[in-house]
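Undergrad: Please find one structure pasted underneath; my questions will follow.
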Amino acid sequence: MNLLVPTLVLIPLISAGITLLSPRNRLFQQTVTAGALISIAVISVILMIQVDIEGALSISVGGWAAPFGIALVVDRISAILVGVSALVLLGVYYFSAGQGLADGDKEAPLSIYAPTYLVLGAGVNNAFIAGDLFNLYVGFEILLVASYVLITLGGTAQRINAGIIYIVVSLLSSILFLTTIGLIYGATGTVNMADLSLKLGDIDASLYTSLNILLLVAFGIKAAVFPLAFWLPDSYPTAPAPVTAVFAGLLTKVGVYAIIRTQTLLFRESELNTLLAVLAAITMVVGILGAVAQLDIKRMLSFVLVSHIGYLIFGIAIDTEAGYSATTFYIVHHIVVQTTLFIAVGLIERRAATTSLIQLGGLLKIAPLVAVITFLPLLNLGGIPPFSGFIGKVALFEAATAKTGTLMYLLMGVGAFVSLVTLYVLARAWAIAFWRPMAEAKVDYDADRFAHLQSSPEIETNNDPRNIPRIMTGAAVFMVILSLSLTVFAGPLYAYASRAGANLADPQQYIEKVLGGTDGGSKVGDNGE
(Lines give C-alpha, C1' and ligand atoms only; values in the text may rest on other atoms or scores of the structure.)
Protein backbone atom coordinates (compact mmCIF):
# COMPACT_ATOMS: atom_id res chain seq x y z
CA MET A 1 0.00 0.00 0.00
CA ASN A 2 2.93 2.36 0.64
CA LEU A 3 3.81 2.16 -3.03
CA LEU A 4 0.65 4.10 -3.86
CA VAL A 5 2.06 7.19 -2.14
CA PRO A 6 4.51 8.33 -4.86
CA THR A 7 1.87 7.78 -7.56
CA LEU A 8 0.17 10.94 -6.31
CA VAL A 9 3.05 12.87 -7.87
CA LEU A 10 4.13 10.46 -10.61
CA ILE A 11 0.71 10.11 -12.27
CA PRO A 12 0.21 13.81 -13.03
CA LEU A 13 3.85 14.29 -14.07
CA ILE A 14 3.86 11.28 -16.40
CA SER A 15 0.43 12.27 -17.74
CA ALA A 16 1.74 15.78 -18.44
CA GLY A 17 4.49 14.23 -20.56
CA ILE A 18 1.98 12.04 -22.38
CA THR A 19 -0.24 15.00 -23.26
CA LEU A 20 2.76 16.63 -24.94
CA LEU A 21 2.94 13.69 -27.35
CA SER A 22 -0.14 15.03 -29.10
CA PRO A 23 -0.24 18.79 -28.42
CA ARG A 24 -3.04 19.51 -30.90
CA ASN A 25 -5.35 16.60 -30.14
CA ARG A 26 -7.96 18.03 -27.79
CA LEU A 27 -9.79 14.77 -27.08
CA PHE A 28 -6.54 12.94 -26.33
CA GLN A 29 -5.37 15.61 -23.90
CA GLN A 30 -8.74 15.79 -22.19
CA THR A 31 -8.90 12.02 -21.79
CA VAL A 32 -5.39 11.76 -20.36
CA THR A 33 -5.88 14.71 -18.01
CA ALA A 34 -9.26 13.54 -16.74
CA GLY A 35 -7.95 10.00 -16.32
CA ALA A 36 -5.00 11.24 -14.28
CA LEU A 37 -7.17 13.37 -11.98
CA ILE A 38 -9.75 10.62 -11.51
CA SER A 39 -6.95 8.14 -10.73
CA ILE A 40 -5.53 10.47 -8.07
CA ALA A 41 -8.99 10.90 -6.54
CA VAL A 42 -9.49 7.13 -6.37
CA ILE A 43 -6.01 6.54 -4.94
CA SER A 44 -6.56 9.26 -2.34
CA VAL A 45 -9.81 7.59 -1.22
CA ILE A 46 -7.94 4.28 -0.85
CA LEU A 47 -5.21 6.02 1.12
CA MET A 48 -7.76 7.86 3.28
CA ILE A 49 -9.30 4.53 4.27
CA GLN A 50 -5.92 2.89 4.77
CA VAL A 51 -4.42 5.59 6.99
CA ASP A 52 -7.65 5.81 8.96
CA ILE A 53 -7.35 2.11 9.76
CA GLU A 54 -3.59 1.60 10.13
CA GLY A 55 -2.10 5.05 10.58
CA ALA A 56 0.24 7.13 8.45
CA LEU A 57 2.03 5.67 5.43
CA SER A 58 5.66 6.57 4.75
CA ILE A 59 7.99 5.69 1.90
CA SER A 60 11.63 6.62 1.31
CA VAL A 61 12.33 7.41 -2.32
CA GLY A 62 15.39 5.78 -3.86
CA GLY A 63 15.90 3.33 -1.01
CA TRP A 64 17.61 5.89 1.24
CA ALA A 65 16.06 5.50 4.66
CA ALA A 66 14.85 8.51 6.63
CA PRO A 67 16.14 10.91 7.73
CA PHE A 68 18.69 10.88 4.89
CA GLY A 69 16.42 10.11 1.95
CA ILE A 70 13.41 11.86 0.49
CA ALA A 71 10.42 10.87 2.61
CA LEU A 72 6.89 10.93 1.23
CA VAL A 73 4.26 10.68 3.95
CA VAL A 74 0.48 10.37 3.83
CA ASP A 75 -1.54 10.80 6.99
CA ARG A 76 -5.19 11.70 7.44
CA ILE A 77 -4.89 15.41 6.66
CA SER A 78 -2.69 14.98 3.59
CA ALA A 79 -4.88 12.19 2.22
CA ILE A 80 -8.10 14.19 2.48
CA LEU A 81 -6.48 17.31 1.02
CA VAL A 82 -5.07 15.38 -1.95
CA GLY A 83 -8.51 13.86 -2.54
CA VAL A 84 -10.47 17.11 -2.44
CA SER A 85 -7.79 18.79 -4.58
CA ALA A 86 -8.15 16.11 -7.26
CA LEU A 87 -11.93 16.58 -7.37
CA VAL A 88 -11.58 20.36 -7.58
CA LEU A 89 -8.92 20.09 -10.28
CA LEU A 90 -11.19 17.73 -12.23
CA GLY A 91 -14.22 20.02 -12.00
CA VAL A 92 -12.27 23.12 -13.00
CA TYR A 93 -10.56 21.29 -15.86
CA TYR A 94 -13.87 20.33 -17.42
CA PHE A 95 -15.05 23.91 -16.96
CA SER A 96 -11.99 25.12 -18.87
CA ALA A 97 -12.44 22.39 -21.49
CA GLY A 98 -15.94 23.67 -22.17
CA GLN A 99 -14.62 27.20 -22.49
CA GLY A 100 -11.97 26.02 -24.93
CA LEU A 101 -14.44 24.11 -27.06
CA ALA A 102 -16.65 27.19 -27.32
CA ASP A 103 -14.02 29.89 -27.80
CA GLY A 104 -10.98 28.15 -29.24
CA ASP A 105 -7.58 28.27 -27.62
CA LYS A 106 -7.10 31.99 -27.05
CA GLU A 107 -7.59 31.77 -23.28
CA ALA A 108 -5.93 28.38 -22.83
CA PRO A 109 -3.61 27.32 -25.67
CA LEU A 110 -4.16 23.61 -26.19
CA SER A 111 -0.50 22.69 -26.49
CA ILE A 112 0.47 23.99 -23.03
CA TYR A 113 -2.66 24.24 -20.89
CA ALA A 114 -3.27 20.55 -20.07
CA PRO A 115 0.36 19.61 -19.32
CA THR A 116 0.86 22.75 -17.24
CA TYR A 117 -2.36 22.07 -15.38
CA LEU A 118 -1.18 18.53 -14.56
CA VAL A 119 2.21 19.84 -13.40
CA LEU A 120 0.32 22.21 -11.10
CA GLY A 121 -1.54 19.21 -9.67
CA ALA A 122 1.75 17.37 -9.16
CA GLY A 123 3.14 20.34 -7.26
CA VAL A 124 0.08 20.53 -5.01
CA ASN A 125 0.26 16.80 -4.24
CA ASN A 126 4.01 16.88 -3.65
CA ALA A 127 3.60 19.70 -1.13
CA PHE A 128 0.86 17.81 0.72
CA ILE A 129 2.87 14.58 1.06
CA ALA A 130 6.38 15.99 1.50
CA GLY A 131 8.11 14.55 4.55
CA ASP A 132 11.10 16.91 4.51
CA LEU A 133 11.49 20.64 4.13
CA PHE A 134 13.49 20.53 0.92
CA ASN A 135 10.92 18.38 -0.85
CA LEU A 136 8.26 20.79 0.39
CA TYR A 137 10.31 23.57 -1.21
CA VAL A 138 10.44 21.57 -4.46
CA GLY A 139 6.64 21.25 -4.36
CA PHE A 140 6.31 25.02 -4.00
CA GLU A 141 8.68 25.60 -6.93
CA ILE A 142 6.73 23.22 -9.16
CA LEU A 143 3.62 25.21 -8.23
CA LEU A 144 5.39 28.49 -8.98
CA VAL A 145 6.50 27.49 -12.47
CA ALA A 146 3.13 26.05 -13.45
CA SER A 147 1.09 28.85 -11.91
CA TYR A 148 3.14 31.54 -13.64
CA VAL A 149 2.39 29.95 -17.02
CA LEU A 150 -1.32 29.66 -16.20
CA ILE A 151 -1.72 33.16 -14.78
CA THR A 152 -0.27 34.73 -17.93
CA LEU A 153 -2.24 32.70 -20.49
CA GLY A 154 -3.33 34.90 -23.34
CA GLY A 155 -0.23 37.08 -23.06
CA THR A 156 -2.12 40.36 -22.50
CA ALA A 157 -0.40 43.30 -20.82
CA GLN A 158 -2.66 43.05 -17.76
CA ARG A 159 -1.89 39.37 -17.24
CA ILE A 160 1.83 39.80 -17.78
CA ASN A 161 1.90 42.63 -15.22
CA ALA A 162 -0.08 40.53 -12.74
CA GLY A 163 2.21 37.59 -13.43
CA ILE A 164 5.28 39.72 -12.72
CA ILE A 165 3.87 40.77 -9.34
CA TYR A 166 2.96 37.17 -8.56
CA ILE A 167 6.31 35.67 -9.50
CA VAL A 168 8.39 38.37 -7.77
CA VAL A 169 6.50 37.90 -4.51
CA SER A 170 6.63 34.11 -4.85
CA LEU A 171 10.38 34.17 -5.53
CA LEU A 172 10.96 36.31 -2.45
CA SER A 173 9.03 33.77 -0.42
CA SER A 174 10.97 30.91 -1.99
CA ILE A 175 14.33 32.56 -1.33
CA LEU A 176 13.39 33.13 2.30
CA PHE A 177 12.18 29.54 2.61
CA LEU A 178 15.37 28.12 1.05
CA THR A 179 17.54 30.31 3.26
CA THR A 180 15.68 29.11 6.33
CA ILE A 181 16.12 25.49 5.24
CA GLY A 182 19.87 26.12 5.07
CA LEU A 183 19.87 27.62 8.56
CA ILE A 184 17.86 24.71 9.94
CA TYR A 185 20.21 22.19 8.34
CA GLY A 186 23.21 24.05 9.70
CA ALA A 187 21.73 23.97 13.20
CA THR A 188 20.47 20.37 13.22
CA GLY A 189 22.09 18.46 10.34
CA THR A 190 18.75 17.36 8.90
CA VAL A 191 15.75 18.65 6.94
CA ASN A 192 13.48 15.66 7.57
CA MET A 193 10.48 17.03 9.45
CA ALA A 194 10.02 13.98 11.69
CA ASP A 195 13.71 14.09 12.61
CA LEU A 196 13.55 17.84 13.14
CA SER A 197 10.70 17.37 15.58
CA LEU A 198 13.18 15.54 17.82
CA LYS A 199 16.18 17.82 17.29
CA LEU A 200 14.91 21.39 17.04
CA GLY A 201 14.01 21.47 20.72
CA ASP A 202 17.70 21.10 21.60
CA ILE A 203 18.88 24.25 19.84
CA ASP A 204 19.17 27.71 21.41
CA ALA A 205 15.78 29.18 22.29
CA SER A 206 16.35 32.44 20.41
CA LEU A 207 17.43 30.57 17.28
CA TYR A 208 14.39 28.29 17.63
CA THR A 209 12.07 31.30 17.69
CA SER A 210 13.91 33.01 14.83
CA LEU A 211 13.60 29.96 12.60
CA ASN A 212 9.92 29.72 13.47
CA ILE A 213 9.38 33.35 12.47
CA LEU A 214 11.26 32.94 9.20
CA LEU A 215 9.17 29.94 8.16
CA LEU A 216 5.95 31.66 9.15
CA VAL A 217 6.86 34.68 7.01
CA ALA A 218 7.74 32.46 4.02
CA PHE A 219 4.53 30.46 4.32
CA GLY A 220 2.50 33.52 5.28
CA ILE A 221 3.28 35.06 1.89
CA LYS A 222 2.09 31.95 0.09
CA ALA A 223 -1.00 31.67 2.29
CA ALA A 224 -1.82 35.41 1.95
CA VAL A 225 -1.79 36.21 5.67
CA PHE A 226 -1.83 39.91 6.64
CA PRO A 227 0.35 41.93 6.08
CA LEU A 228 1.71 39.62 3.36
CA ALA A 229 -1.50 39.34 1.33
CA PHE A 230 -1.19 42.53 -0.73
CA TRP A 231 -0.27 40.64 -3.91
CA LEU A 232 -3.31 38.37 -4.14
CA PRO A 233 -6.17 40.75 -5.12
CA ASP A 234 -3.97 42.22 -7.87
CA SER A 235 -2.91 38.84 -9.29
CA TYR A 236 -5.75 36.33 -9.23
CA PRO A 237 -8.60 38.33 -10.87
CA THR A 238 -6.70 39.01 -14.10
CA ALA A 239 -6.27 35.32 -15.00
CA PRO A 240 -8.79 33.33 -17.07
CA ALA A 241 -11.81 32.25 -15.02
CA PRO A 242 -10.79 28.56 -14.62
CA VAL A 243 -7.27 29.52 -13.56
CA THR A 244 -8.57 32.03 -11.02
CA ALA A 245 -10.92 29.38 -9.63
CA VAL A 246 -8.25 26.74 -9.08
CA PHE A 247 -5.76 29.28 -7.72
CA ALA A 248 -8.31 30.62 -5.22
CA GLY A 249 -9.30 27.16 -4.09
CA LEU A 250 -5.91 25.49 -3.80
CA LEU A 251 -2.76 27.58 -3.82
CA THR A 252 -3.22 29.56 -0.62
CA LYS A 253 -4.28 26.36 1.17
CA VAL A 254 -0.92 24.80 0.36
CA GLY A 255 0.66 27.66 2.32
CA VAL A 256 -1.77 27.14 5.19
CA TYR A 257 -1.02 23.40 5.16
CA ALA A 258 2.72 24.15 5.38
CA ILE A 259 2.08 26.31 8.45
CA ILE A 260 0.03 23.52 10.05
CA ARG A 261 2.63 20.86 9.33
CA THR A 262 5.61 22.85 10.59
CA GLN A 263 3.83 24.22 13.66
CA THR A 264 2.66 20.76 14.73
CA LEU A 265 5.88 18.90 13.93
CA LEU A 266 8.78 21.34 14.14
CA PHE A 267 7.60 24.00 16.58
CA ARG A 268 5.42 22.26 19.14
CA GLU A 269 6.81 24.58 21.82
CA SER A 270 6.27 27.72 19.76
CA GLU A 271 5.62 30.96 21.62
CA LEU A 272 4.11 32.59 18.53
CA ASN A 273 0.54 31.38 18.86
CA THR A 274 -0.55 34.71 20.32
CA LEU A 275 1.01 36.48 17.34
CA LEU A 276 -0.79 34.08 15.00
CA ALA A 277 -4.08 34.82 16.74
CA VAL A 278 -3.59 38.57 16.31
CA LEU A 279 -2.64 38.16 12.66
CA ALA A 280 -5.69 35.94 12.14
CA ALA A 281 -8.00 38.65 13.48
CA ILE A 282 -6.37 41.39 11.39
CA THR A 283 -6.43 39.19 8.26
CA MET A 284 -10.14 38.55 8.71
CA VAL A 285 -10.99 42.22 9.21
CA VAL A 286 -8.71 43.72 6.55
CA GLY A 287 -9.79 41.14 4.01
CA ILE A 288 -13.51 41.67 4.47
CA LEU A 289 -13.23 45.47 4.60
CA GLY A 290 -11.35 45.30 1.32
CA ALA A 291 -14.16 43.18 -0.11
CA VAL A 292 -16.79 45.72 0.95
CA ALA A 293 -15.02 48.42 -1.06
CA GLN A 294 -14.75 46.51 -4.33
CA LEU A 295 -16.68 47.22 -7.49
CA ASP A 296 -15.59 44.09 -9.37
CA ILE A 297 -16.89 40.71 -8.20
CA LYS A 298 -13.62 38.90 -8.87
CA ARG A 299 -11.63 41.35 -6.77
CA MET A 300 -14.34 41.22 -4.12
CA LEU A 301 -14.03 37.43 -3.91
CA SER A 302 -10.23 37.73 -3.81
CA PHE A 303 -10.50 39.90 -0.69
CA VAL A 304 -13.07 37.48 0.78
CA LEU A 305 -10.51 34.74 0.16
CA VAL A 306 -7.91 36.67 2.16
CA SER A 307 -10.45 37.19 4.93
CA HIS A 308 -11.19 33.49 5.21
CA ILE A 309 -7.51 32.62 5.42
CA GLY A 310 -7.80 34.40 8.75
CA TYR A 311 -10.24 31.73 9.97
CA LEU A 312 -7.70 29.02 9.14
CA ILE A 313 -4.90 30.84 10.96
CA PHE A 314 -7.34 31.29 13.86
CA GLY A 315 -7.70 27.51 14.10
CA ILE A 316 -3.93 27.00 14.02
CA ALA A 317 -3.44 29.63 16.75
CA ILE A 318 -5.79 27.74 19.08
CA ASP A 319 -3.18 24.95 19.05
CA THR A 320 -5.40 22.19 20.41
CA GLU A 321 -6.77 18.98 19.00
CA ALA A 322 -10.19 20.59 18.60
CA GLY A 323 -8.64 23.60 16.85
CA TYR A 324 -6.78 21.44 14.35
CA SER A 325 -9.89 19.34 13.75
CA ALA A 326 -11.96 22.43 12.96
CA THR A 327 -9.19 23.82 10.76
CA THR A 328 -8.95 20.59 8.76
CA PHE A 329 -12.69 20.61 8.14
CA TYR A 330 -12.66 24.31 7.25
CA ILE A 331 -9.81 23.88 4.75
CA VAL A 332 -11.77 21.21 2.90
CA HIS A 333 -14.88 23.40 2.99
CA HIS A 334 -13.08 26.49 1.76
CA ILE A 335 -11.22 24.74 -1.08
CA VAL A 336 -14.50 23.50 -2.56
CA VAL A 337 -16.78 26.48 -1.89
CA GLN A 338 -14.34 29.21 -2.88
CA THR A 339 -13.55 27.39 -6.13
CA THR A 340 -17.26 26.97 -6.83
CA LEU A 341 -17.93 30.67 -6.36
CA PHE A 342 -15.15 31.67 -8.73
CA ILE A 343 -16.53 29.24 -11.32
CA ALA A 344 -19.95 30.83 -10.87
CA VAL A 345 -18.39 34.25 -11.46
CA GLY A 346 -16.86 32.83 -14.63
CA LEU A 347 -20.39 31.99 -15.80
CA ILE A 348 -21.56 35.51 -14.90
CA GLU A 349 -18.67 37.03 -16.82
CA ARG A 350 -19.45 34.91 -19.85
CA ARG A 351 -23.18 35.64 -19.88
CA ALA A 352 -23.00 39.35 -19.01
CA ALA A 353 -19.58 40.16 -20.54
CA THR A 354 -18.54 41.87 -17.30
CA THR A 355 -18.07 41.32 -13.58
CA SER A 356 -18.49 44.99 -12.63
CA LEU A 357 -21.37 45.75 -10.29
CA ILE A 358 -22.05 48.94 -12.24
CA GLN A 359 -23.01 47.09 -15.41
CA LEU A 360 -24.61 43.94 -14.02
CA GLY A 361 -28.35 43.36 -13.64
CA GLY A 362 -31.26 41.24 -14.78
CA LEU A 363 -29.37 37.93 -14.79
CA LEU A 364 -32.06 36.14 -12.78
CA LYS A 365 -34.35 36.36 -15.80
CA ILE A 366 -31.64 35.82 -18.40
CA ALA A 367 -29.75 32.99 -16.65
CA PRO A 368 -31.78 31.48 -13.77
CA LEU A 369 -29.56 28.40 -13.47
CA VAL A 370 -26.49 30.61 -13.04
CA ALA A 371 -28.39 32.44 -10.30
CA VAL A 372 -28.89 29.16 -8.40
CA ILE A 373 -25.30 28.03 -9.04
CA THR A 374 -24.09 31.30 -7.51
CA PHE A 375 -26.62 31.51 -4.68
CA LEU A 376 -25.95 28.15 -3.00
CA PRO A 377 -22.16 28.49 -2.49
CA LEU A 378 -22.76 32.13 -1.55
CA LEU A 379 -24.90 31.01 1.39
CA ASN A 380 -22.34 28.35 2.24
CA LEU A 381 -19.37 30.72 2.28
CA GLY A 382 -21.42 33.25 4.25
CA GLY A 383 -21.90 30.68 7.02
CA ILE A 384 -25.67 30.28 6.86
CA PRO A 385 -26.91 27.16 8.74
CA PRO A 386 -26.99 24.28 8.05
CA PHE A 387 -24.23 24.62 5.43
CA SER A 388 -20.67 23.42 5.99
CA GLY A 389 -19.43 27.00 6.39
CA PHE A 390 -21.62 27.38 9.46
CA ILE A 391 -20.47 24.01 10.83
CA GLY A 392 -16.80 24.92 10.37
CA LYS A 393 -17.13 28.29 12.06
CA VAL A 394 -19.07 26.90 14.99
CA ALA A 395 -16.39 24.23 15.41
CA LEU A 396 -13.68 26.92 15.45
CA PHE A 397 -15.61 28.94 18.04
CA GLU A 398 -16.16 25.87 20.24
CA ALA A 399 -12.44 25.06 20.10
CA ALA A 400 -11.62 28.65 21.07
CA THR A 401 -14.11 28.56 23.94
CA ALA A 402 -12.51 25.43 25.35
CA LYS A 403 -9.14 27.17 25.50
CA THR A 404 -10.57 30.30 27.18
CA GLY A 405 -8.75 33.61 27.47
CA THR A 406 -9.63 37.16 26.43
CA LEU A 407 -7.86 36.86 23.09
CA MET A 408 -9.86 33.77 22.13
CA TYR A 409 -13.16 35.48 22.91
CA LEU A 410 -12.03 38.52 20.95
CA LEU A 411 -11.24 36.28 17.99
CA MET A 412 -14.67 34.69 18.22
CA GLY A 413 -16.25 38.13 18.13
CA VAL A 414 -14.17 39.15 15.13
CA GLY A 415 -15.03 35.89 13.39
CA ALA A 416 -18.75 36.38 13.95
CA PHE A 417 -18.58 40.00 12.74
CA VAL A 418 -16.62 39.04 9.62
CA SER A 419 -19.08 36.25 8.87
CA LEU A 420 -21.98 38.73 8.93
CA VAL A 421 -20.15 41.22 6.73
CA THR A 422 -19.19 38.40 4.33
CA LEU A 423 -22.84 37.50 3.97
CA TYR A 424 -23.70 41.16 3.35
CA VAL A 425 -21.00 41.55 0.68
CA LEU A 426 -21.94 38.37 -1.16
CA ALA A 427 -25.70 39.00 -0.89
CA ARG A 428 -25.24 42.56 -2.19
CA ALA A 429 -23.33 41.32 -5.22
CA TRP A 430 -25.93 38.61 -5.93
CA ALA A 431 -28.83 41.03 -5.58
CA ILE A 432 -27.26 43.55 -7.95
CA ALA A 433 -26.22 41.00 -10.55
CA PHE A 434 -29.37 38.87 -10.55
CA TRP A 435 -32.22 40.69 -8.83
CA ARG A 436 -31.76 44.26 -10.04
CA PRO A 437 -33.53 44.91 -13.38
CA MET A 438 -31.22 45.50 -16.31
CA ALA A 439 -32.90 48.87 -16.94
CA GLU A 440 -31.65 50.08 -13.56
CA ALA A 441 -28.16 48.83 -14.35
CA LYS A 442 -28.07 50.98 -17.45
CA VAL A 443 -29.19 54.02 -15.47
CA ASP A 444 -26.72 53.38 -12.66
CA TYR A 445 -23.86 53.21 -15.13
CA ASP A 446 -23.84 57.01 -15.31
CA ALA A 447 -24.92 57.59 -11.72
CA ASP A 448 -22.93 58.09 -8.54
CA ARG A 449 -24.44 55.13 -6.72
CA PHE A 450 -21.19 53.17 -6.78
CA ALA A 451 -18.82 56.12 -6.43
CA HIS A 452 -17.61 54.88 -3.02
CA LEU A 453 -16.45 51.55 -4.47
CA GLN A 454 -13.07 50.91 -6.06
CA SER A 455 -13.05 50.20 -9.77
CA SER A 456 -10.71 47.63 -11.27
CA PRO A 457 -9.44 48.89 -14.62
CA GLU A 458 -6.75 46.24 -14.74
CA ILE A 459 -9.34 43.47 -15.05
CA GLU A 460 -10.28 42.77 -18.64
CA THR A 461 -13.92 42.46 -19.61
CA ASN A 462 -15.54 41.24 -22.79
CA ASN A 463 -18.03 43.45 -24.56
CA ASP A 464 -19.58 40.41 -26.18
CA PRO A 465 -22.02 38.38 -24.04
CA ARG A 466 -21.81 34.71 -24.94
CA ASN A 467 -23.93 31.63 -24.35
CA ILE A 468 -22.72 29.15 -21.77
CA PRO A 469 -21.82 25.70 -23.15
CA ARG A 470 -23.42 22.74 -21.44
CA ILE A 471 -20.08 21.30 -20.37
CA MET A 472 -19.28 24.52 -18.47
CA THR A 473 -22.69 24.45 -16.81
CA GLY A 474 -22.24 20.77 -16.01
CA ALA A 475 -18.84 21.41 -14.40
CA ALA A 476 -20.34 24.22 -12.33
CA VAL A 477 -23.24 22.00 -11.24
CA PHE A 478 -20.74 19.29 -10.29
CA MET A 479 -18.89 21.77 -8.07
CA VAL A 480 -22.15 22.92 -6.46
CA ILE A 481 -23.10 19.30 -5.73
CA LEU A 482 -19.62 18.71 -4.30
CA SER A 483 -20.01 21.76 -2.06
CA LEU A 484 -23.45 20.62 -0.89
CA SER A 485 -22.09 17.14 -0.16
CA LEU A 486 -19.88 18.72 2.50
CA THR A 487 -23.09 19.56 4.34
CA VAL A 488 -24.89 16.29 3.61
CA PHE A 489 -21.91 14.25 4.81
CA ALA A 490 -20.71 16.72 7.42
CA GLY A 491 -20.97 14.10 10.18
CA PRO A 492 -18.52 11.51 8.83
CA LEU A 493 -16.37 14.23 7.27
CA TYR A 494 -15.99 16.05 10.58
CA ALA A 495 -15.34 12.76 12.37
CA TYR A 496 -12.48 12.13 9.96
CA ALA A 497 -11.23 15.69 10.43
CA SER A 498 -11.33 15.13 14.19
CA ARG A 499 -9.11 12.09 13.88
CA ALA A 500 -6.78 14.12 11.64
CA GLY A 501 -6.74 16.83 14.31
CA ALA A 502 -5.78 14.26 16.93
CA ASN A 503 -2.84 13.16 14.75
CA LEU A 504 -1.71 16.76 14.35
CA ALA A 505 -1.98 17.50 18.06
CA ASP A 506 0.02 14.36 18.88
CA PRO A 507 2.39 13.65 15.95
CA GLN A 508 4.16 10.71 17.61
CA GLN A 509 2.69 8.16 15.20
CA TYR A 510 3.80 10.28 12.23
CA ILE A 511 7.34 10.47 13.63
CA GLU A 512 7.54 6.72 14.25
CA LYS A 513 6.28 5.88 10.77
CA VAL A 514 8.83 8.11 9.07
CA LEU A 515 11.84 7.25 11.21
CA GLY A 516 11.13 3.54 11.34
CA GLY A 517 9.48 3.02 14.71
CA THR A 518 7.41 0.01 15.56
CA ASP A 519 5.68 0.11 12.17
CA GLY A 520 8.39 1.86 10.25
CA GLY A 521 8.13 3.25 6.77
CA SER A 522 9.00 1.41 3.60
CA LYS A 523 11.49 2.09 0.87
CA VAL A 524 10.87 2.19 -2.86
CA GLY A 525 12.07 -1.14 -4.12
CA ASP A 526 11.26 -3.10 -0.95
CA ASN A 527 9.44 -6.37 -1.43
CA GLY A 528 6.93 -5.48 1.25
CA GLU A 529 4.08 -3.02 0.93
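Undergrad: Of the listed values (1) 1.03; (2) 0.93; (3) 2.25, grab the one calculated as Cα Rg over 2.2 N^0.38 Å from the structure here.
TA: From the options (1) 1.03; (2) 0.93; (3) 2.25, the structure gives (2).
Undergrad: At 1.4 Å probe radius, can you tell me the per residue accessible area of region 237-391 in Å²?
TA: 20
Undergrad: Separate question: Taking only the alpha-carbon positions of region 319-406 and ignoring solvent, what does the Debye formula give for the base-10 log of I(q)/I(0) at q = 0.23 Å⁻¹?
TA: Each listed q maps to, in turn, -1.04.
Undergrad: For region 43-49, take each phi angle, set θ = phi - 60°, evaluate the Karplus expression 6.51 cos²θ - 1.76 cosθ + 1.60, and give the result in whole Hz per residue in order, putting x for glycine and proline.
TA: Per residue, the Karplus-derived 3J(HN,Hα) values read 4, 5, 5, 4, 5, 4, 5 Hz.
Undergrad: Over the chain, calculate the relative contact order: mean separation of alpha carbon pairs under 8 Å at least 6 apart, over the residue count, as a percent.
TA: Relative CO of the chain lands at 19 percent.
Undergrad: Could I ask something else about it? Please list, in order along region 260-268, the HN-Hα scalar couplings obtained from phi with the Karplus expression 6.51 cos²θ - 1.76 cosθ + 1.60 (θ = phi - 60°), rounded to whole Hz, x for Gly and Pro.
TA: In residue order, the calculated couplings are 4, 5, 6, 5, 8, 9, 8, 10, 5 Hz.
Undergrad: Give me, ordered by chain and number, the residues 5 or more places off Gln359 or on other chains with an amide H under 5 Å from its own placed amide H.
TA: none
Undergrad: Where does helix 490-505 land angle-wise versus the long Cα axis of the chain, in degrees 0 to 90, nearest 10?
TA: 40
Undergrad: Express the carbon and sulfur contribution to the solvent-accessible surface of the chain as a percent, rounded to the nearest whole number, probe 1.4 angstrom.
TA: The computed percentage sits at 66.
Undergrad: By how many nm would the segment from Asp202 to Val145 grow when fully extended, if each residue of separation counts as 0.36 nm and the alpha-carbon distance is taken off?
TA: Once the chain is fully extended between Asp202 and Val145, it gains 16.9 nm.
Undergrad: Right, next: For the chain, how many pairs of lysine residues have a Cα-Cα distance under 20 Å, where the two are 8 or more positions apart or belong to different chains?
TA: Close lysine pairs under the 20 Å cut-off: 8.
Undergrad: Expressed as an acute angle from 0 to 90° and rounded to the nearest 10, what is the orientation of the C-alpha long axis of helix 110-129 relative to the principal long axis of the chain?
TA: 40
Undergrad: Taking every DSSP beta bridge with both residues inside the chain, roughly what % is antiparallel (nearest 5)?
TA: 75
Undergrad: Let me ask something additional. Which far-off residues, 5 or more places away or on another chain, put their amide H under 5 Å from the one on Leu272, with H placed in the peptide plane?
TA: none
Undergrad: Using the Karplus curve 6.51 cos²θ - 1.76 cosθ + 1.60 with θ = phi - 60°, work out ³J(HN,Hα) for each residue of region 334-343 in order, rounded to whole Hz, and write x for Gly and Pro.
TA: Along region 334-343, the couplings run 6, 4, 6, 6, 5, 4, 4, 5, 5, 5 Hz.
Undergrad: Sticking with this one: With a 1.4 Å probe and all protein chains left in place, how much accessible area per residue does region 46-91 have, in Å²?
TA: With the other protein chains kept in place, region 46-91 gives 31 Å² per residue.
The values are calculated or read from the model by the stated rules, or taken from the named source; none is laboratory data. The structure displayed is predicted, hence computed values, not measured ones. Just so you know, the surface numbers come from the protein's heavy atoms only, side chains and all, with ligands and any DNA or RNA stripped out. Shrake-Rupley method; radii C 1.70, N 1.55, O 1.52, S 1.80 Å.
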